[in-house]
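Engineer: Structure provided below as structure tokens; questions to follow.
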Amino acid sequence: DIQMTQSPSSLSASVGDRVTITCRASQIIAHYLTWHQQKPGRPPKVLMTAASTLQSGVPSRFSGSGSGTDFTLTISSLQPEDVATYYCQSYNSAFGGGTKVEIK
Amino acid sequence: QVQLQESGPGLVKPSQTLSLTCTVSGASVSSGNYYWNWIRQPAGKGLEWIGRVHMSEGPKYNPAVKDRVTISIDTSWTNQFSLSLRSVTAADTAVYYCATFDVWGRGTLVTVSS
């Protein structure tokens, strides 16, 4: 069974900072990775699929990279509305533990 | 566009069976185009994948719950799939979501309490 490991579990950064979240799969999953964003009290929202394909309406400051077992989510310039918890997920399988992003 | 809606009892007694249904619109659960997933989230905690089902494959479950769970596709005309979780305890209290790899339902809160 696939296991997903995310780091860090939380981070605090200033508005305008570049933020990077990493995700590692316990086995090769090619590009079959989804990144989700969840704001408090809301269901998760899909940010990107296939490791790097932004969903419609997602700001271009979000980007994803990686293939195989190691993946990265980057926010190029952190905005107040990006405060949320971010999860990686192997397609139709396990989630990472989440990364809580806050504004410093 | 695929849309998903969870439904079922919001309160289940300990030791009983939690049963939820996900109604799908915009796609056919029988088409084989998607895996249909159940996911849950206890209050203040992360997302836990429960399992998935696909029209052409057997279901696959999270080892943490696989002895208690059944996910199945309704092969009648309702375009639904379902979750059954047996012998529930307070630890099964959570918001339950149905989802594909790129679409989520809104979720439904299930509380296990006597």
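The values are calculated or read from the model by the stated rules, or taken from the named source; none is laboratory data. Note that this is a predicted model, so its numbers are computed, not measured. FYI the Cβ positions are ideal-geometry reconstructions off the backbone, even for glycines, and counts take in every protein chain you see. Side chains are part of the model used for accessible areas, which takes the heavy atoms of the whole protein and leaves out ligands, DNA and RNA. Shrake-Rupley method; radii C 1.70, N 1.55, O 1.52, S 1.80 Å.
Engineer: Can we say B:Val95 is within 19 Å of A:Ser93 (Cβ to Cβ), out of contact with any Asp or Glu (no Cβ under 8 Å at 6 or more places or on another chain), within 14 Å of chain A (Cβ to nearest Cβ) and in a strand (DSSP E or B)?
Structural biologist: no
Engineer: Also: Would you check if B:Gln1 is open to solvent by 10 Å² or more (accessible area, probe 1.4 Å) and either at pLDDT below 95 or assigned to a loop (DSSP other than H, G, I, E, B) (or both)?
Structural biologist: Values: open to solvent by 10 Å² or more (accessible area, probe 1.4 Å): yes; either at pLDDT below 95 or assigned to a loop (DSSP other than H, G, I, E, B) (or both): yes.
The answer is yes for B:Gln1.
Engineer: Tell me, which strands (runs of 3 or more DSSP E) lie completely within segment A:5-94 with 1 or more residues that are in contact (Cβ under 8 Å) with a residue 24 or more places away in the chain and closer than 24 Å to B:Pro42 by Cα?
Structural biologist: Result: A:10-13, A:19-25, A:33-38, A:45-49, A:84-90.
Engineer: I've got another one for you. Among the residues of segment A:10-53, which ones are within 11 Å of A:Leu73 (Cα to Cα) and open to solvent by 20 Å² or more (accessible area, probe 1.4 Å)?
Structural biologist: Hits for segment A:10-53 are A:Arg18, A:Thr20, A:Thr22, A:Ser52.
Engineer: If you scan segment A:58-75, which residues turn out to be in contact with a helix residue (DSSP H, G or I) (Cβ under 9 Å, 6 or more places away or on another chain) and surrounded by fewer than 16 Cβ atoms within 10 Å (Cβ to Cβ)?
Structural biologist: If the condition is that a residue be in contact with a helix residue (DSSP H, G or I) (Cβ under 9 Å, 6 or more places away or on another chain) and surrounded by fewer than 16 Cβ atoms within 10 Å (Cβ to Cβ), then A:Pro59, A:Arg61 are the ones that fit.
Engineer: Could you list all residues from segment B:62-87 that are away from chain A (no Cβ under 12 Å), of a type in the set (Val, Ile, Thr) and within 13 Å of B:Leu20 (Cα to Cα)?
Structural biologist: Once the filter is applied, which keeps residues that are away from chain A (no Cβ under 12 Å), of a type in the set (Val, Ile, Thr) and within 13 Å of B:Leu20 (Cα to Cα), segment B:62-87 yields B:Val69, B:Thr70, B:Ile73.
Engineer: So which residues in segment B:22-61 are within 13 Å of chain A (Cβ to nearest Cβ), open to solvent by less than 50 Å² (accessible area, probe 1.4 Å) and more than 23 Å from A:Gln38 (Cα to Cα)?
Structural biologist: B:Val53, B:His54, B:Tyr61
Engineer: Given the options B:Ala94, B:Ala90, B:Ala64, name the one that is open to solvent by 50 Å² or more (accessible area, probe 1.4 Å), closer than 22 Å to B:Pro14 by Cα and touching a residue at least 40 places away in the same chain (Cβ under 8 Å). Can you show your working first?
Structural biologist: Details: B:Ala94 fails: open to solvent by 50 Å² or more (accessible area, probe 1.4 Å); B:Ala64 fails: touching a residue at least 40 places away in the same chain (Cβ under 8 Å).
Residue meeting the stated conditions: B:Ala90.
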